[in-house]
Each structure stands twice: as C-alpha cells, then as structure tokens.
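Colleague: One structure, as structure tokens, below. Some questions next.
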Amino acid sequence: MLRYALLGLLAHQPHHGYELKTGLEQALGGNWEINFGQIYTTLSRLERDGLVTGTAEAEDGRGKRTYSLTPSGKADLDASLEQAVEKPRPLHDEFFIKLVIRHLAGYDDAHLALARQRQAYLQQLRELNLASASQQEDPLVSLLVEGAILHLQADLQWLGMCEERLEALSK
Amino acid sequence: MEPIIETKEVWKVYGMNGASVEAVCGIDLAVQQGEFVAIVGPSGSGKSSLLHLLGAMDHPTRGEVLFGNQPLHKMSDAQRTDLRAHQIGFIFQTFNLLPNLSALENVEIALRLGGAAKAERQARPLELLERVGLGPRARHLPRQLSGGERQRVAIARALANRPRLLLADEPTGNLDSKTGASLLELLRQINRQDRQTVVMVTHDFRAASHADRVLVLRDGRIRGETRLQGQDTHRALGQLLALEL
C-alpha cells in the first residue's frame, strides 16, 4: 500500500522524499513514523517502472530529487483505487488458531484463554476509546478508529459465544 | 478498607408460573470507595436484577447485601428508603426526569426529597448543572433538551445529595455512540475528581471499557473480571496504522 500512498500524494503535486514522508505521516494522524529507507526504496522502484520521474535539483544529478507522477503512474493509481478490496478481513484469528491448538493438545482450560483474551480486547477497546476522543478533529483517522472499535465489539461478542458453546460441549 | 457495597453469595430467584428463574446465582462482589466498576452482560444475564439488589430496590432470595458494612436485610423499609434517598444516586436508561419541571427543578426536587437545607436547595442545583455542562440550559424543560443533555440532568440529580454510591443502569442505552462516549467521559471525570464511586451495568462492551474494573456477567454468574488501565492512546493507534502500509 505504501506504493499507492506515494502515488496518491504525487497525484496532487510533485514532492521530494522528505515531503512525502511528512505528508503521509500527517495523513495518518501524526501517530506513526514512516521509515525513510522504505520510502526511498519504493520511490526508486516506482521510478524504475516508469510510474514516477525524479528530477535532481542540481544538473550533475546531486541534491534533492523532486518526484512527479507520470501518466502510467496515474493510470496505475486509478486502477488500484477503482478495485473493491477482494480479500476478506482475515478470519484472522490468531486466537482462534490458539483455541484449535489447545483442543489438539487436549487442554480443557479454554475458559481461561477466553478470559485472558477478553481482558486484552477490553484493554484495547479502552485505548481506542481514548484515541477516539483525541482524534475527533481528524475525520479520516477517526473513521479508522471507530471501525476498529466496532470490530473489537464484535470480537468481544464472539468470545462470549465461544465461551457458551464450548461450555455446552464440555457438559 | 471496607467496601462501600458488598454482596455475599447473593441469589435472586423469581417464581414464574410454577417454574423458577435464577436471575442472580451466588454472586460475591465488593466495590471500594472511589472505584468505577462496570458490570457487562447480554440481556437476561441478570445484570438488572443485580443492580436492583445493590440499590436496595429488591430483596435477595438468599445471601446478603451490605451497604457500608450494614446488612440491608436487617434494615426496616423506612431505613432502606432513607438509604436510597441519601446515599445512593440512580441513573436510568430512560432518564426518568419529571417532564413538567425544568432541569433545575428536577435537581432541586431530589434535594428536597433528601431533606437538604434551604440554602443548599437554592445554590446546589445550578452548581451541579454547571458541573455537568448544562448551566446555560438550567431553565429548560426535559423536552427542550437532547437525549445527552437529559442524561446529564439525570446525573446532576443523582449527585444532588452527595451519594456514597452512584448506580447507572444502561446510561448510554438511548444515546448515539458519540453522545454516549461524552457522557461516559463525564462519569469518569466525576469518578476521578470527586472520588465518586460508580457502578454501571450495560450490555455494551464499549461503554464498559470506560470503567476501571469490568465484571462480565452471564447466566447470573460473574464469568470474568478485568482491571483496565493506562491512557496510552498512542500504542492503540500505532498498532492500527502500522498494520497495512
């Protein structure tokens, strides 16, 4: 996705690498530092594939490079954005795998694992609630946070269902 | 330190058409001064029955409830009524304000019922409404207020007689999630700043996660207990955002 994020920023106007880094960090709510090296690796790959062009400040090819989007870069970006995300949210679920492994191993203390997992989800929910309060001025990031909260609520309900059904099985 | 409220092996069994329904099954619970506790469970888990027992609104079938070390079942009806009027504040899902009285009068009547002196009855209602952010709307009738504002009035009313315990029954059940979140934030503030003890029942994990201790109730039993901590929003956001790019 970093590739498309960079193309998206360049679709707006040409930038040099540092601007791309800070622009992206800002768009993500200023909560995450993006690795510089990762940005430059991606940029040079995009340049190699003809999706962006880089122009050096000095004629000898030194100094800051300013990148701009090429027509095929724009086409690539649009094609990516027009596609619905096909991959379902992974039924992830590391915790589910652990439940299965417990079963394989013949452990019968799933209720303890469920209780610990609930604790972890509740703690995350609390932190996201606080994040939701602190990110209200950034509409995009706050949408992401609200989405994560809804998923956590579903995860917590699902744990309750696991508990009930596994209990019924063991009776 | 002795708990504000405590249950010992408390049961509530209802008889219905010859069958009996066990709503609360031997719950042991102790809430300390200054705690914010959430009891979360689906409908039918027994959370309302438990809240009624904690609020001295119902008698347990077995076991006992102690309020500040006093067993409720040894009190007379008059003593229990007195306890509810002075020591316990209630907030309900449906707000339960008196429709023909202004916000101010709704708070004042609680003080009157609690036997407050005249000076207090005059000064405190507005103080409380200001505390919940409704000073400018003190003269409005409930129907002139939004749901969130009505619930703020209900909080002010519940705090009128400086109760030792604030009980909240699905306080955000009739509010949208944003209004609900700011109401819970207010409850947290009151809990922190005034060391007000709060016990809230809810079916909503999100609401529950505002509390410092969460008890999970199912089929009348406590199935789990979690202490929540920390204010680290950074970590949660970092986890979210670090995933994809």
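The values are calculated or read from the model by the stated rules, or taken from the named source; none is laboratory data. Computed from a predicted structure; not experimentally measured. All Cβ positions, glycine included, derive from the backbone under ideal geometry; neighbour counts span all protein chains shown. The area values use the complete protein model at the heavy-atom level, side chains included, leaving out ligands, DNA and RNA. Shrake-Rupley method; radii C 1.70, N 1.55, O 1.52, S 1.80 Å.
Colleague: Pairs of Cα atoms under 8 Å, at least six residues apart: use those to get the relative contact order of the range A:13-171, whole percent. It would help to have the intermediate numbers written out before the result.
Modeller: Values: 100 pairs, mean separation 27.6, N = 159.
In percent, rounded to a whole number, it is 17.
Colleague: Amide H neighbours of B:Gly224 under 5 Å, counting only residues 5+ apart in sequence or on other chains, H built in-plane at 1.01 Å?
Modeller: So B:Gly224 has HN proximity to B:Val216.
Colleague: Here is a follow-up. With θ set to phi - 60° and the Karplus curve 6.51 cos²θ - 1.76 cosθ + 1.60, what are the ³J(HN,Hα) couplings of the range B:99-115 in order, to the nearest whole Hz, using x for Gly and Pro?
Modeller: 3J(HN,Hα) across the range B:99-115, in whole Hz: x, 8, 10, 5, 3, 4, 5, 4, 6, 5, 5, 5, 5, 4, 5, x, x.
Colleague: I would also like to ask the following. Need one word for chain B: rounded, prolate or oblate. Basis is the Cα gyration tensor (sqrt eigenvalues a ≥ b ≥ c); a/c below 1.5 gives rounded, then a/b vs b/c decides.
Modeller: Working: a/c = 1.65, a/b = 1.04, b/c = 1.59.
Cα axes put chain B in the oblate bin.
Colleague: Further, regarding this structure: Which of rounded, prolate, oblate describes the range B:15-123, given a ≥ b ≥ c as roots of the alpha-carbon gyration tensor eigenvalues and a/c under 1.5 marking rounded, otherwise prolate only if a/b is larger than b/c? Intermediate results must be reported in sequence, preceding the final value.
Modeller: Values: a/c = 2.01, a/b = 1.66, b/c = 1.21.
Cα axes put the range B:15-123 in the prolate bin.
Colleague: Can you work out the PRE-style zone for A:Ser68? Point 7 Å along Cα to Cβ, and I want the residues of the range A:35-62 with backbone N under 15 Å.
Modeller: From the range A:35-62, the list is A:51-57.
Colleague: Follow-up question, since we're still on this one. Under a GNM of chain A (C-alpha, springs under 10 Å), which listed residue has the highest mean-square fluctuation: A:Gln117, A:Gln136, A:Gln83?
Modeller: Highest fluctuation among the options: A:Gln83.
Colleague: Follow-up question, since we're still on this one. With the crude spin-label approximation of a point 7 Å out along Cα→Cβ, what separation in nm comes out for B:Lys178 versus A:Trp158?
Modeller: Here the modelled spin labels are 2.8 nm apart.
Colleague: For chain B, modelled as a GNM with alpha-carbon contacts under 10 angstrom, which of B:Gly55, B:Gly18, B:Gly46 fluctuates the most?
Modeller: B:Gly18
Colleague: Under the 0.36 nm per residue contour assumption, what length would be gained going from the current alpha-carbon distance of A:Ala11 and A:Val100 to full extension?
Modeller: Working it through step by step, the gained length comes to 27.4 nm.
Colleague: Continuing with this model, one more query. Could you run the numbers on buried accessible area between B and A, total for both chains, 1.4 angstrom probe, in Å² to the nearest 100?
Modeller: Working: alone 12750 and 12230 Å², together 21870 Å².
Summed over both sides, the interface buries about 3100 Å².
Colleague: Let me know the volume per residue of the alpha-carbon convex hull for the protein assembly as shown, in Å³. Let's see the in-between values first.
Modeller: On the way: hull volume 90.5 nm³, N = 416.
It is 218 Å³ per residue.
Colleague: Can you show me the helix-derived [θ] at 222 nm for chain B, built from DSSP H runs with n ≥ 4 at -39,500 (n - 2.57) apiece and divided by the number of residues, rounded to the nearest 500. Intermediate values should be presented prior to the final figure.
Modeller: Values: 8 runs with 88 residues, N = 245.
That calculation yields -11000 deg cm²/dmol at 222 nm.
Colleague: Can you give the relative contact order of the range B:69-213 as a percent, counting alpha carbon pairs under 8 Å and 6+ residues apart? Working shown, then result.
Modeller: Numbers: 200 pairs, mean separation 42.1, N = 145.
Relative contact order comes out at 29 percent.
Colleague: Let me ask something additional. Under 23 Å from the Cα of B:Lys12, which lysines turn up, not counting those fewer than eight places away in the same chain?
Modeller: B:Lys47, B:Lys74
Colleague: Below 8 Å between Cα atoms, with a sequence gap of 6+, how large is the relative contact order for the range A:2-82 in percent?
Modeller: Working: 91 pairs, mean separation 29.2, N = 81.
This gives 36 percent for the range A:2-82.
Colleague: Continuing with the same structure: Among the aspartates and glutamates, select those whose C-alpha is under 17 Å from the C-alpha of A:Lys74, and discard any that sit fewer than 8 residues away in the same chain.
Modeller: A:Glu47, A:Asp49, A:Glu82
Colleague: Please express the Cα-Cα pair-distance distribution P(r) of the range A:94-170 as a list of whole percents, one per 10 Å bin, running from 0 to the bin with the greatest distance.
Modeller: Spelled out bin by bin, the range A:94-170 gives 18, 42, 23, 14, 4 percent.
Colleague: Then there is this: Give the lysines whose C-alpha is closer than 16 Å to that of A:Lys64, dropping any in the same chain fewer than 8 places away, or say none.
Modeller: List returned: A:Lys21.
Colleague: Compute from the Cα atoms of the range A:2-82 the Rg and the Dmax, the latter being the longest Cα-Cα distance, and quote both in angstrom.
Modeller: 12.4, 40
Colleague: With a ≥ b ≥ c taken as the square roots of the eigenvalues of the C-alpha gyration tensor of the range B:63-156, please select rounded if a/c is under 1.5 and otherwise prolate if a/b is larger than b/c or oblate if it is not? Don't skip to the answer; put the middle values down first.
Modeller: Numbers: a/c = 2.58, a/b = 1.83, b/c = 1.41.
Prolate, because a/c is 1.5 or more and a/b exceeds b/c.
Colleague: Which stretch or stretches of the range B:18-61 have amide N atoms under 13 Å from the point lying 7 Å from B:Gln79's Cα along the Cα→Cβ direction?
Modeller: Label zone hits: none.
Colleague: Continuing with this model, one more query. Let me test this: with uniform point scatterers at the alpha carbons of chain A, what is the Debye-based log₁₀ I(q)/I(0) at q = 0.08, 0.14 1/Å?
Modeller: -0.43, -0.89
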